Amino acid sequence: SVMHEDAIFPVRNAGIPINPGIGRGFGSVGYALANILLGTLIVKFGSNISQKLNIVLLILLFLLLITLPDARSIGKNTTAREEAAESSDDLLFFLRSNRTFSRFALATIFLFFGHSIVNTYLPNVVAQFGLGTDFAGWMTGIAAGLELIPMMFYTQLSKKISPFTLLRISSVFFLIKLLTAATARNGLGSAVSQSMQILAYALFAMSSIYF
């Protein structure tokens with residue numbers, strides 16, 4: 001996600017029209033399929049298969065990255081603030097000079113703390129309901145697939161609602177996701193919690209770029 005968002009800025013600064021929602025949305029689809037596949041493979045071959053798959057995917061990612069053009073060759077149209085930030089290696093100076101960004105970064109840490117816990121320990125949670133890793137994979141996969149909908153239409157949506165407001169909306173749905181996860185008493189409750197991704201992570205991932 002970070003690499004995708006970083007790659008967008010040089011392209012947009014060069015004046016090339018781009019819809020980041022489509023690219024990020026298909027990334028969610030890939031994530032969805034990977035979760036479904038991983039959950040099924042773990043059930044059949046055990047958890048050690050995840051390490052082997054991780055190595056294969058990292059190699060494929062590296063091969064893909066080395067085929068990409070140098071971002072510096074796309075465009076060098078940076079703002080004065082970006083140039084000032086690049087010329088300073090002092091983290092405190094950067095944070096003081098970009099107070100809005102600093103507050104946003106801190107808020108993101110708090111927001112994703114609970115979100116990461118829910119996603120990381122989801123297999124353990126559904127296991128208490130008598131469900132296996134494959135169910136957790138399907139549930140996470142479907143939730144990630146739902147993210148494609150708002151991401152594909154984010155450009156049109158942001159013209160009617162500001163990215164700042166959309167960030168607030170996504171924060172509310174992150175909270176709803178955490179509350180439903182905490183109060184879930186069966187697999188359906190966990191599925192409802194994961195479905196909040198459609199307006200939680202999806203809106204946040206796109207709004208953070210525009211914000």
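The string of couplings for segment 180-187 from the Karplus curve (6.51, -1.76, 1.60, θ = phi - 60°) is 5, 5, 6, 9, 5, 10, 7, x Hz, one whole number per residue in order, with x for Gly and Pro. According to the calculation over all Cα-Cα pairs in segment 84-211, the P(r) per 5 Å bin from zero is 2, 10, 18, 18, 15, 13, 10, 7, 4, 2, 0, 0 %.
Protein heavy-atom accessible surface, 1.4 Å probe, per residue over segment 149-211: 49 Å².
The values are calculated or read from the model by the stated rules, or taken from the named source; none is laboratory data. Every value quoted in this text rests on a predicted model; they were computed, and no experiment measured them. Quick note on the areas: whole protein, heavy atoms, side chains included, nothing else; ligands and nucleic acids left out. Shrake-Rupley method; radii C 1.70, N 1.55, O 1.52, S 1.80 Å.
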